[in-house]
1. Taking GLY61 as the residue in question, decide whether it is assigned to a loop (DSSP other than H, G, I, E, B), touching a Gly at 6+ places or on another chain (Cβ under 9 Å) and open to solvent by 40 Å² or more (accessible area, probe 1.4 Å).
2. Tell me, yes or no, whether segment 25-41 has at least one residue that is open to solvent by 80 Å² or more (accessible area, probe 1.4 Å), assigned to a helix (DSSP H, G or I) and of a type in the set (Lys, Arg).
3. I'd like the residue in segment 84-103 that is under 23 Å from the mean Cα position of the chain (by Cα) and outside any strand (DSSP E or B) and, out of all such residues, is surrounded by the fewest Cβ atoms within 10 Å (Cβ to Cβ).
4. Name the single residue that is farthest from the chain's Cα centre (by Cα) among those in segment 42-58 being β-branched (Val, Ile, Thr) and assigned to a helix (DSSP H, G or I).
5. Just give me the residues in segment 177-225 being within 20 Å of LEU166 (Cβ to Cβ) and among the charged types (D, E, K, R), in sequence order.
6. Tell me yes or no: at least one residue of segment 193-214 is open to solvent by less than 40 Å² (accessible area, probe 1.4 Å), closer than 17 Å to VAL91 by Cα and touching a residue at least 24 places away in the same chain (Cβ under 8 Å).
7. Filter segment 74-112 for residues that are more than 23 Å from ASN151 (Cα to Cα) and of a type outside the set (A, V, I, L, M, F, W, C) and give the result.
8. Are there any pairs, at least 6 apart or on different chains, whose C-beta atoms fall under 7 Å, with the first in segment 96-116 and closer than 21 Å to ARG77 by Cα and the second assigned to a helix (DSSP H, G or I) and open to solvent by 10 Å² or more (accessible area, probe 1.4 Å), and if so, which?
Amino acid sequence: MARDDVQQQAVRCWAWGLFERKPRWSLSWRGRLLALLLVAGLGIATFLCIHPFLAVTHRVGTNVLVVEGWMHDYGLRAAVAEFRRGSYQRVFTTGGPVEGNGGYINDYHTNASVGADILKKYGIPDECLEMVPSRVMDRNRTYASGVALRNWFRGHDMRVPSLNVLTENVHARRSQLLFSKALGPETSVGIIAVPSPDYDARRWWRSSEGVKDVFSEGLAYFYVRFFFHPSQDLDGNNKPVLGYQ
């Protein structure tokens, strides 16, 4: 056996065998260049695709429309247009306590109530509209809204095999995931994203508002997808469990 081969196979030990040195593989300059190109390509693809990924629209066949009541006026107007354009028979508004009130006061100081009042003003018939408020304000508000809706369906013995959730812009992917978690596999959840009028979605990085929306919602979706465990956050009554803030 050649001397170099013996050296490559040898394991050198020091300090009575407590430490050892072994031959190892490492990237050559070509390998490092290829790895750098792959990382750069992945970063560019993510950069270009993240907005349409988050601001997803995928309707399902249903006569139930769920509107997140915290939306800005343009989102609520879009909800009215969606109701008139589709074959919806029921509209539910969701949302927790209005910010600035210090927490839950009563059901009429919630985004569900505020959103319902605006939808009525814009022409949705009162007999088609139902507000479903949540009492959770601090964390996981979207999931809490889904739980409140699930409990309302169960309390009124209403079976809903499918529904569409309408929300703003890049919040859509997270809303769809959280409502699906809350409502369970027996309900198919479609999603409708209302684009923001404040910036061009195709060039979101040119606007500070677009950058803020994409990065904050991107991180929030990542957390929900990989780290959120619903059973540890809310009980069956849509109330915080002990220690929840």
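1. yes
2. Yes: segment 25-41 contains one or more residues that are open to solvent by 80 Å² or more (accessible area, probe 1.4 Å), assigned to a helix (DSSP H, G or I) and of a type in the set (Lys, Arg).
3. Filtering first and then ranking leaves GLU99.
4. Out of the qualifying residues, it is ILE44.
5. Of everything in segment 177-225, those that are within 20 Å of LEU166 (Cβ to Cβ) and among the charged types (D, E, K, R) turn out to be LYS181, ASP198, ASP213, GLU217.
6. yes
7. Correct list: TYR74, GLY75, ARG77, GLU82, ARG84, ARG85, GLY86, SER87, GLU99, GLY100, ASN101, GLY102.
8. Taking only residues 6 or more apart or on different chains, the pairs are GLY96/ASN111; GLY96/ARG141; VAL98/HIS109; VAL98/ASN111; VAL98/VAL114; SER113/ASP107.
The values are calculated or read from the model by the stated rules, or taken from the named source; none is laboratory data. For clarity, every value in this text was computed on a predicted model and none was experimentally measured. Ideal geometry is used to build each Cβ from the backbone, glycine not excepted, and the neighbour counts take in all protein chains shown. Ligands, DNA and RNA are excluded from the accessible area calculation, which covers all protein heavy atoms including side chains. Shrake-Rupley method; radii C 1.70, N 1.55, O 1.52, S 1.80 Å.
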